[in-house]
Amino acid sequence: RQWLAREGARCVAEGPGSQLPPSPLRRDELMDRFTQHTAHCASCRDALQSIDFWQRCLGGVGLGSLVLDRLALGPTPLWLFGEVVAVVAVFGMEKLKGQFVFQDYEHYKS
């Protein structure tokens, strides 16, 4: 905004209705990726839908592995491996999905 006030005076016409909107006051409004980008970007919306789809699929695989493990059908280590992989993948995808919605920027960590 300081740059715009200093350099952008030629870009903003004078008069009513030419005022810039106020800066967001809350950090979650400022860093909200979903309404600023993801909701309007077809690629990001498709990626978010794919993540949701794969989360549901892997949740089903994990649930199926749990049922088969509890019923003692087939090799138990295989079902246990399926459960662990499904849980880790679902949590990882949830973390990835969060980056499409909100990503906090902490300048002191970069």
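The values are calculated or read from the model by the stated rules, or taken from the named source; none is laboratory data. Every value quoted in this text rests on a predicted model; they were computed, and no experiment measured them. Quick reminder, even Gly has a Cβ in these numbers, built from the backbone with ideal geometry, and neighbours come from all protein chains shown.
Condition test on C44, is it of a type outside the set (S, T, Y) and under 18 Å from the mean Cα position of the chain (by Cα)? Yes.
Listed by first and then second residue, the pairs with beta-carbon distance under 8 Å, at least 6 apart or on different chains, first residue in the range 51-67 and charged (D, E, K, R), second assigned to a helix (DSSP H, G or I), are D52/K97. Out of all the residues in the range 25-42, is one or more at pLDDT 90 or above, farther than 23 Å from Y105 by Cα and in a helix (DSSP H, G or I)? Yes. Within the range 72-95, being farther than 15 Å from C57 by Cβ and under 12 Å from the mean Cα position of the chain (by Cα) holds for one residue alone: K95. Considering the range 91-110, the residues that are in contact with a Phe, Trp or Tyr (Cβ under 9 Å, 6 or more places away or on another chain) and part of a helix (DSSP H, G or I) include one that is modelled with the highest pLDDT, namely M93.
Is it the case that the range 63-83 has a residue that's over 27 Å from D46 (Cα atoms) and among the basic types (K, R)? Yes, the range 63-83 contains at least one residue that is over 27 Å from D46 (Cα atoms) and among the basic types (K, R). For the range 1-24, a residue qualifies if it is part of a loop (DSSP other than H, G, I, E, B) and either modelled with pLDDT under 65 or polar (S, T, N, Q) (or both), and the qualifying residues are R1, C11, V12, A13, E14, G15, S18, Q19, S23. Scanning the range 22-36 for residues that are in contact with a strand residue (DSSP E or B) (Cβ under 8 Å, 6 or more places away or on another chain) and surrounded by 11 or more Cβ atoms within 10 Å (Cβ to Cβ) returns M31, D32, R33, F34.
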